[in-house]
Amino acid sequence: MKPIVCLYCEGSDAKIAVVTRDKNGIKIHRVSSLTMTKSAHISARQMDSEAISNDLDTDISFDSLDSTPSISEQDVDNSNVSLLQSALYGLNINRMQYLPIITEPVVNYHHYEGPRDDNRKKLYQNIITDIQSVKGITVHEDSVDVTELNEKAMLSVFIEGSIPCVGLINQLAVFNKRRYLKIPTIKVSELSLAYYVSKTNKFFPEDNTLVIYIGKEYSKLIFLEGQKLKHIGATLDIGTRNLHTYDVYFSKILLEMENGGIPKLDNIILCGEDRSENLILSFFGTFPEANVSELKFEDFDTSMLTEDDARNIALYAVPISVAVEYFDELDKKYIGVNFLPKYIQEHQKFLQFGWHSYALLPILFGLTFFLTYQILSRYREINDLDTEINRLTLQQQQNQALVEQITPLDNRINSFDATQVILDSATVGSGLWNKMLTNVSDFVERRRNFWLIKLETVESDEVKIVGYSLSRSVLTEFAQYNKSALLKYINYEPLREKSAFTYTMNFKLLEDSTQIR
């Protein structure tokens, strides 16, 4: 669960408690007391309304969460924001939720004894009408809430004017370059403190209990009857900074007892800045029959706090009480008073719409649907194409494997053709040589005075023969015998005392070469 920052602003005093909750209970991570300047009371409504008006000037704002609202620099008191930033140092400011805590004069109370209605909206309308009738104050529905007092009356609570804590939280957002920080609700200090006292203490139904919260400048008087809220006294302009004697408390208490119809006090519970022994003894002296005690804060994990903060945890009674009430509301154990004015809700919207922008919503919806459909269609087409590409790639690989198997066979076929050509050509040549040799052999057999000593090729189709002859005429006869013969050389060369001639003759190998008849 996200950490909760409970921020209580009253005058120049501000109290902070950073808490979380887990299965083991509530853990207090940090507490701090800040002294703020007067400018801390800047009109939060003015700041938020300015930011909203800037957003509404345009049709639709898709500002990111990290964008900064348009707020003038003089609206931001850097000293106050720096104090708050320092108090939250080391924590992730953007991931936390913030609970502003309000009190008088922002909060006003009104006893409502009119008709009750289970429909909260109708009940609020009745209360608003009653406030307008009795006090002459016009209240917006988002600025009013109600809680039970007893069977006859209800206590309505409404807010007026600026909310200092909201303004300070918005300044913190600007300081951290954010458009806003998450504010889930706004709580009332007196009601949350009364709830915590009622939850952690058991009283008899007829007991009257006074809860006194003493601040630095102001003090609160809260009266309970049994476990229920009875009366909330007016805020006292006295605190630890301007208190000279405790007697002023007693006169104010007696006055509020008379205003609230409280005959006696059975229990007095102290919390806040002053819980000294002198104060307790003074109350014992004025109200001897009352049980005077300090408000206890037990069952909290305070291991993250310093020893001094853990010992003085009652200083932060209001923000801790608010945290307890808020967590119980989340668990549906209790329904308390909550405020979240419309201008804060609008400021926290991720998308800021002007009234004239809502006409664009159907177009935006239709455009979004169309674009989504087109994108999904393209994705389907891409997937189909990817599938086809994969199929063709696989087929190409298979074809390549077949080509690799065919290539050796093709090479063998091509080599066979070449071999066949060579064999064919050799066959043709062998036939010509055979015919030529046959003709020469026949001629030599008939003429015993003619023989060969050398036979060689001059060209592919031409043959040169070298030999001897005992007669010149037989050479001429042989040349005439072969149609393509050409006598190239003849020379007289005696051979063993006989007349002989050497010759060289060329003739072509012709298929149709024949003897002379």
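LEU155 passes every criterion in (1) under 25 Å from PHE287 (Cα atoms); (2) of a type outside the set (Asp, Glu); (3) at pLDDT 90 or above apart from (1). Pick out the one residue from VAL463, VAL474 that is in a helix (DSSP H, G or I), surrounded by 12 or more Cβ atoms within 10 Å (Cβ to Cβ) and β-branched (Val, Ile, Thr). One residue alone meets the criteria, VAL474.
Looking only at the range 261-274, decide whether some residue is touching a residue at least 60 places away in the same chain (Cβ under 8 Å) and acidic (Asp, Glu). So far as the range 261-274 goes, yes, one or more of its residues are touching a residue at least 60 places away in the same chain (Cβ under 8 Å) and acidic (Asp, Glu).
When residues in the range 457-475 are screened for being of a type in the set (Lys, Arg) and out of contact with any Ser or Thr (no Cβ under 8 Å at 6 or more places or on another chain), 1 of them pass.
In the range 57-107, the residue that is modelled with the lowest pLDDT out of those that are of a type in the set (Asp, Glu) and either within 16 Å of ARG179 (Cβ to Cβ) or surrounded by fewer than 16 Cβ atoms within 10 Å (Cβ to Cβ) (or both) is GLU73.
Residue-by-condition table, conditions (1) farther than 24 Å from SER33 by Cα; (2) surrounded by fewer than 22 Cβ atoms within 10 Å (Cβ to Cβ); (3) free of Cβ contacts under 8 Å to residues at least 12 places away in the same chain:
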residue	(1), (2), (3)
ARG178	yes, yes, no
PRO184	no, yes, no
PRO205	yes, yes, no
TYR213	no, no, no
GLU217	no, yes, no
THR235	no, yes, no
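Counting only strands (runs of 3 or more DSSP E) wholly contained in the range 77-175, the ones carrying 2 or more residues that are outside the structural domain of CYS9 (by TED's automatic domain parsing) and either under 23 Å from LYS220 (Cβ atoms) or free of Cβ contacts under 8 Å to residues at least 24 places away in the same chain (or both) occupy 107-112, 144-148, 154-159. Here is a list: LYS333, LYS349. Which entry is over 20 Å from ASN201 (Cα atoms), in the same structural domain as LEU168 (by TED's automatic domain parsing) and assigned to a loop (DSSP other than H, G, I, E, B)? On inspection, the qualifying residue turns out to be LYS349. In the range 246-296, the qualifying residues are those that are basic (Lys, Arg) and within 57 Å of the chain's Cα centre (by Cα), and the one that is surrounded by the fewest Cβ atoms within 10 Å (Cβ to Cβ) is LYS296.
The values are calculated or read from the model by the stated rules, or taken from the named source; none is laboratory data. Keep in mind that what you see is a predicted model, and the values were worked out from it rather than measured. When we count neighbours, we look across all protein chains shown, and the Cβ atoms used for this are built from the backbone with ideal geometry, even at glycine.
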